[in-house]
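Undergrad: Have a look at this one before I ask anything.
The values are calculated or read from the model by the stated rules, or taken from the named source; none is laboratory data. What you see is a predicted model; the values in this text were computed from it and never measured. Cβ: placed from backbone, ideal geometry, glycine included. Neighbour counts: every protein chain shown. Surface accessibility is based on the protein's heavy atoms, side chains included, excluding ligands, DNA and RNA. Shrake-Rupley method; radii C 1.70, N 1.55, O 1.52, S 1.80 Å.
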Amino acid sequence: MRESRKIDKGAFLSKVRCDHCHLEFDEGVMIKDGDYRFCCKGCQGVFHLLKAEGLESFYDKLGDQTLEPAQRELDDLEKFDLEGFEKRYVKTRPDGLKEVYLIIEGIHCSACVWLNEKVLHKTPGIIEASINYTNNKAHVVWDPEVIKLSDIIRVIRSIGYNAYPYDPKLQEERAVKARRDYYARILVGVFATMNIMWIAIAQYVGFFTGMRSDIKNILNIAEFALATPTLLYSGWPFFKGAYYGLKNRFVNMDLLVSAGATLTYIYSIYAMITRVGEVYFDSVTMIITFVLVGKYLEVLSKKQAVDTIDSLLGSLPTEVVVIKDGQKALVAVENVEVGDIIEIKPGEKVVIDGVIVSGEGSFDESSLTGESEPVFKRVGDEVLSGSILLDSVIRYRATKDASTSLIANIAELLDSAIANKPRLERLANQISGYFSLVILSIAALTFGGWYWIAKDFEVALIIAVSVIVIACPCALGLATPMATLVGLGEALKRGLLFKEAQHLESMAKADVVVLDKTGTITKGKPAVVGVEKFGNFDENIVYTLTEHSNHPISRGVWEYCKSKGYDKLLSIEDIKEIKAKGLEAKIEGKEVVAGSADFLAQKGIAISYSGEHSIFAVAIEGRLAAIYELSDEIREGAAYAIGKIKEMGLEVVMLTGDNEKAAWKVAKQVGIDKVQAKLLPQQKSAFIDKLHQEGRVVVMAGDGINDAVALACSDIAIAMGSGADIALSVSDVVLLDEKPIKIYEALRLSRRVYRAIQENLALSLLYNVIAVPLAVMGYVNPLFAALAMSLSSLTVVGNSMRIKFFKV
């Protein structure tokens, strides 16, 4: 499309082709939009609408044909209610409510976040609205019966901001545009500041050595000429933010900056014209430039923090090759259905979960688990979205659609984690909401006090301006979200998925770790190591019974029977599975009971076992038929991980439904000295409740299947699920890599993030406690106030970025 543009260099004005309608117009009348050119706003709007809907191929089909220029509507709000837009960006919840993630354009500080959330919460039909300051991403839930998405966007625009759907593929494009705008404004500010400093130096020298009034007036006019574009162009974002803040009866950081700079500018004009007092045009340029540079560096740092999460989704393909009737077809991922056969080639990323039906190869799952070693998979193995095929060509059957695959679940959980603010962040935002108003009040009192003491308007004004400029609510607003965002990104790199940011805070306060034995400390795949039979019987009975259970012990016995050739399914009826106890059924007309020794004893069947293995006892027609002994392999690195957790000062307890001897055998191997054995699911949850009554903060790790009740009772639930649906649903933290060392890493990382949050809050509060009184007492001029304000925010950002260098 770019090559098709024609430029007639022989004409008085170059002729340029519109990138939408392909009609040629004089270059001077064209609308420039990055690398694109449009003849009118209508063409520009349609072009971006087609691009947003993934319909750019329209222009390839159009070729050299031309169109009528698009007729631009008064606004583009209607696109937010289109079916295609809704299918791509909006999610309908089971309760009928709808939710969307938006990027809010124009947010400068935590006060902007507060204002947007406040206005949205007051809008009828909006159920929930939460905005993350670090990436300006808003999570909005609304009732479609009361309000449309287009109306929500209209509300956001009415208060001076703009909103568009969150799309990681477009984030970099928009970030570059924002950086260019900042860069242009900074260039003007820096140019003016550097030149005005030389003039200021000449004036300061003249103040001490003497200077003719006419030369001084010329220098004042030169400073005025440099300060004016800096204030009006470079400082425009602050004036815009201040205007919309005042319009909505809210005092924000933009008002502090623009008020301080404008007051200084107006007084300097007065001093220049009346030749009474000194001018402070240098302070005007430095206030705007220093704060603008600080905001620019803050934007870059926040973008770097967000990149980790955006990169997870940004590189996913939007189309896949689907095999239908022996023919290959490119299909949008949103249109792939369960059961479709998908073909992937070396270097391509899996975008939908499935099971391999043809071929074999190695997959890089490092973006999911944090492990760099490739995983070899063959026919029948599961492939996870987000992994990359390294070699060969593979075809697999889709077992989920794009919206329910692992990578989509992870993205949704991450969005939810970022949107749900921790307690400390909510508190900091409440303080920031009133901070600017308090500072303006202090500045007014300072002006009055100094004017009364010094009887000098100039001195009183400059000190009051210093108070306004030096105060910084941004550092306080950034303290928690910046640290949590970096922490969530680092956790994801290590295969740790926190479902809410506040779980980082809760986990950091934990003092006891409860581990389930099967599936957490052990691999959860018990194998039969011995069988004792008490007479002859058809082992197909055992195979048939265990076929109907997913418990790890039952699966181990089923695998054993199958390996021995007993794989015939018999007629079965009245089957019952009693959680953590056993099974009973009528097979081929015979009453069969199987499970733990206690379960059989409850059924009146005596059993004596003194070994140290897990057992699966089977009774047929009231008589003991066999005892299967099973042993489970301990996970690699379990003993090391538990040792490191204990070094952190946490108590480690093992819970299991197994017998005492089997439990203590495993506990001794991994270094656990507190064990609770022979527990039913409700007894495990009762043990957790008992710890709570003692004032303990409990982290529990289980397999997510047999421990759902106990996990729900704990403060932080960790599911060892490798991304299984059940693990994602019941846990607070999901380990995408099931190694026990990951539990230790999650604990260490949460403490590191929590420490960074505390440090950030302390730094921001300490800064304001020291800086504001110094400014009130007249020890700080506006120049240093602006510099200090920018540095306070950058200090908080820099301290948060240190989490990236965290090592376990």
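Undergrad: Semi-axes of the equivalent ellipsoid of the range 486-545: what are they in whole Å, largest first, if each equals the square root of 5 times a C-alpha gyration tensor eigenvalue?
TA: On the way: eigenvalues 403, 39, 21 Å².
Each semi-axis is √(5λ); the values are 45, 14, 10 Å.
Undergrad: Would you mind getting me the FRET efficiency between Gln758 and Glu559? Use the beta-carbon distance for r and R0 = 60 Å, nearest 0.05. Could the numbers behind the result be given before it?
TA: Working: r = 50 Å, r/R0 = 0.84.
After rounding to 0.05, the efficiency reads 0.75.
Undergrad: Taking just the C-alpha trace of the range 548-634, give me its Rg and Dmax in Å.
TA: Calculated on Cα positions, Rg and Dmax stand at 12.7, 40 Å.
Undergrad: Same structure again: Give me the net charge of Pro782's neighbourhood, meaning all other residues with Cβ under 13 Å from the Cβ of Pro782; Lys, Arg count +1, Asp, Glu -1. Write down the numbers at each step before the final one.
TA: Details: positive: none; negative: Glu278, Asp282, Glu458.
Charge balance in the 13 Å sphere: -3.
Undergrad: Multiply the residue separation of Asp33 and Glu660 by 0.36 nm, subtract the distance between their alpha-carbon atoms, and state the gained length in nm to one decimal. It would help to have the intermediate numbers written out before the result.
TA: Details: separation 627, 0.36 × 627 = 225.72 nm, distance 7.21 nm.
Here the segment from Asp33 to Glu660 would lengthen by 218.5 nm.
Undergrad: How many nm separate the modelled label positions at Lys533 and Leu570, each set 7 Å beyond the Cα in the direction of the Cβ?
TA: 1.3
Undergrad: Considering only Cα-Cα distances, which of the following residue pairs are longer than 25 Å: Lys644/Lys674; Lys98/Lys742; Lys517/Lys568; Lys579/Lys661; Lys576/Lys668?
TA: Numbers: Lys644/Lys674 16 Å; Lys98/Lys742 35 Å; Lys517/Lys568 32 Å; Lys579/Lys661 21 Å; Lys576/Lys668 35 Å.
Among Lys644/Lys674; Lys98/Lys742; Lys517/Lys568; Lys579/Lys661; Lys576/Lys668, the Cα-Cα distance tops 25 Å for Lys98/Lys742; Lys517/Lys568; Lys576/Lys668.
Undergrad: Quick one: which of 517-529, 350-362 comes out on top by average Cβ neighbours within 10 Å, and what's the full order, highest first?
TA: On the way: 517-529: 21.7, 350-362: 19.5.
Averaged packing, sorted descending, gives the order 517-529, 350-362.
Undergrad: For the peptides 384-395, 459-470, 338-349, 493-504, what is the packing order when you average, over each peptide's residues, the other Cβ atoms within 10 Å and list the highest mean first? Spell out each step's value before the answer.
TA: On the way: 384-395: 19.6, 459-470: 25.8, 338-349: 15.5, 493-504: 22.4.
So the peptides 384-395, 459-470, 338-349, 493-504, ranked by packing, come out 459-470, 493-504, 384-395, 338-349.
Undergrad: Please compute the per residue accessible area over the range 582-645 with all protein chains in place, 1.4 Å probe, rounded to a whole number of Å².
TA: On the way: 2800 Å² over 64 residues.
The answer is 44 Å² per residue.
Undergrad: Among 744-755, 481-492, 324-335, how do they line up from the highest to the lowest mean number of other beta-carbon atoms within 10 Å? Don't skip to the end; give the middle numbers.
TA: Values: 744-755: 21.7, 481-492: 26.6, 324-335: 11.1.
For the peptides 744-755, 481-492, 324-335, the packing ranking is 481-492, 744-755, 324-335.
Undergrad: Could you work out the local net charge near Ser392, counting Lys and Arg as +1, Asp and Glu as -1, over the other residues with Cβ closer than 14 Å to its Cβ?
TA: Numbers: positive: Lys345, Lys377, Arg378, Arg395; negative: Glu343, Glu348, Glu360, Asp364, Asp381, Asp391.
Surrounding charge for Ser392 is -2.
Undergrad: Could you look at the range 436-544 and say what percent of its accessible area is carbon and sulfur, using a 1.4 Å probe and all protein chains?
TA: Values: 2140 of 3550 Å².
Here carbon and sulfur together make up 60 percent of the probe-accessible area.
Undergrad: What's the local net charge at Asp511, with K and R +1, D and E -1, over the other residues with C-beta under 11 Å away?
TA: Values: positive: Lys509, Arg696; negative: Glu651, Glu694, Asp715.
Computed value for this residue: -1.
Undergrad: First measure r as the distance between the Cβ atoms of Leu232 and Thr274, then evaluate 1/(1 + (r/R0)^6) with R0 = 30 Å and state the FRET efficiency to the nearest 0.05. Show your work: numbers first, answer last.
TA: Details: r = 23 Å, r/R0 = 0.75.
With a Förster radius of 30 Å, E is 0.85.
Undergrad: As an exercise, use a Förster radius of 35 Å and the Cβ-Cβ distance of Lys804 and Arg157 to find the FRET efficiency, rounded to the nearest 0.05. Don't skip to the end; give the middle numbers.
TA: Details: r = 36 Å, r/R0 = 1.02.
With R0 = 35 Å, the Cβ-Cβ based efficiency is 0.45.
Undergrad: What part of the accessible area of the range 557-675, given as a whole %, is carbon or sulfur when the probe is 1.4 angstrom? Please report the intermediate quantities before stating the final value.
TA: Working: 2730 of 6070 Å².
Carbon plus sulfur share of accessible area: 45 percent.
Undergrad: Follow-up question, since we're still on this one. For the range 469-626, build the convex hull from the C-alpha positions and give me its volume per residue in Å³.
TA: On the way: hull volume 28.4 nm³, N = 158.
In the range 469-626, the Cα convex hull volume per residue is 180 Å³.
Undergrad: Take Leu187 and Asp511, extend 7 Å from each Cα along the Cα→Cβ direction, and tell me the distance between the two endpoints in nm.
TA: So the label points at Leu187 and Asp511 sit 5.9 nm apart.
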